[in-house]
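Student: Starting off with a structure, shown below.
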There are 2 protein chains.
Amino acid sequence: MTSNAARVLAHPAREEIRVEGVLHALSDPVRLRIVRQLAGATDELACSRFDLPVSKSTTTHHFRVLRESGVITQFYRGTAKLSCVRTEDLDALFPGLLDSVLGAAERQSARAGEV
Amino acid sequence: MTSNAARVLAHPAREEIRVEGVLHALSDPVRLRIVRQLAGATDELACSRFDLPVSKSTTTHHFRVLRESGVITQFYRGTAKLSCVRTEDLDALFPGLLDSVLGAAERQSARAGEV
């Protein structure tokens, strides 16, 4: 029982999600990159599939900030920790916010000649 | 000459404004409140007109973060330091971003029964 409980990750309820927390979560370049990849994916992505220029523990930290701010959901499937963006919750709470942030990040990357 | 130069405040050029910096600047509750007030004003507002629940030096810090991230312009008129949101620059760089953040903050305040 204890081991199962430990594998259920804590998430804020929709009404607990704060715009300041969402903006803070998205204000880090690595976290913004994670969210862009997740938003562009057709299914949940495993954390281990992310090739990020930071250590494993830093990656774990970034995913936790994203989860605790309400930007992503994380859950276990077998031994893999999967993540997806809480698009429905965010769009209901803050219409247009997620899309405009993703669009802004895309335009900035395009200007800089990045992918 | 020196005293004049010291009174011209440094601002990033439009192309230097980064979405991560803008999101970071707006992720603080006090800074978000300042930007909401500025965005709702019909003319430039003096820093001294803001009644904020923080010390004067903290207020100065928040205005500096907003200016250095490209969210606001600050300039002197006589002894008053005036501020306004860089709406034109932000809308050109990141269409819809500022409006969706302000809208999100408004919806959140309305839900919480705040003004």
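The values are calculated or read from the model by the stated rules, or taken from the named source; none is laboratory data. Here the structure is a predicted model, which is why all the values come from computation and not from measurement. No Cβ is skipped: glycine too gets one built from the backbone with ideal geometry, and neighbour counts run over all protein chains shown. These accessible areas exclude ligands, DNA and RNA; they are computed on the full protein's heavy atoms, side chains included. Shrake-Rupley method; radii C 1.70, N 1.55, O 1.52, S 1.80 Å.
Student: Can you check what the Kirkwood hydrodynamic radius comes to for chain B, Cα pairs only, in Å to one decimal?
Tutor: That comes to 14.8 Å for chain B.
Student: Below 8 Å, C-alpha to C-alpha, sequence gap of six or more: please give me the relative contact order for chain B in percent.
Tutor: This gives 29 percent for chain B.
Student: Please give the calculated 222 nm ellipticity per residue for chain B, where each DSSP H segment of at least 4 residues contributes -39500 (n - 2.57) and the sum is spread over every residue; nearest 500 deg cm²/dmol?
Tutor: Per the formula, -15500 deg cm²/dmol.
Student: A further question on this structure: Return one whole number: the accessible area per residue of the stretch B:2-96 in Å², for a 1.4 Å probe.
Tutor: On a per-residue basis, the stretch B:2-96 sits at 53 Å².
Student: Would you mind getting me the FRET efficiency between residue B:8 and residue A:114? Use the beta-carbon distance for r and R0 = 25 Å, nearest 0.05.
Tutor: Efficiency, rounded to the nearest 0.05: 0.15.
Student: Quick one: label points 7 angstrom along Cα→Cβ at residue B:113, distances to the other copies in nm, smallest first?
Tutor: 5.6
Student: Note down the nm distance, to one decimal, between modelled labels 7 Å out along Cα→Cβ at residue A:15 and at residue B:39.
Tutor: 2.5 nm
Student: If each label sits 7 angstrom from Cα along the C-beta direction, how far apart, in nm, is residue B:61 from its counterparts in the other copies?
Tutor: Taking the point 7 Å beyond Cα along Cα→Cβ, the inter-copy spacings are 2.0 nm.
Student: Continuing with this model, one more query. Give the cross-link partners of residue A:81 among the lysines, using a straight C-alpha distance below 26 Å as the criterion and excluding same-chain residues fewer than 8 apart.
Tutor: Correct list for residue A:81: A:56.
Student: If you don't mind, there's one more thing I want to ask. Give the residues of the stretch A:9-36 whose amide nitrogen is closer than 15 Å to a point set 7 Å from the Cα of residue A:64 in the direction of its Cβ.
Tutor: Flagged as within label range: A:9-12.
Student: Kindly give the distances from residue B:46 to its copy-mates, label point to label point, with each label point 7 Å from Cα along Cα→Cβ, as nm values to one decimal ordered shortest first.
Tutor: Once sorted, the set of distances for residue B:46 reads 6.2 nm.
Student: If you don't mind, another one. Counting only other chains, what is the mean number of Cβ atoms within 10 angstrom of the Cβ of each residue in peptide A:19-29?
Tutor: For peptide A:19-29, the averaged partner shielding equals 6.
Student: Kindly compute the accessible surface that chains B and A hide from a 1.4 Å probe when together, both sides summed, and give it to the nearest 100 Å².
Tutor: By this definition, chains B and A bury close to 2000 Å².
Student: In the protein assembly as shown, what percent of the accessible surface is made up of carbon and sulfur (1.4 Å probe, ligands and nucleic acids excluded)?
Tutor: Solvent-exposed carbon and sulfur of the protein assembly as shown make up 51 percent of the total.
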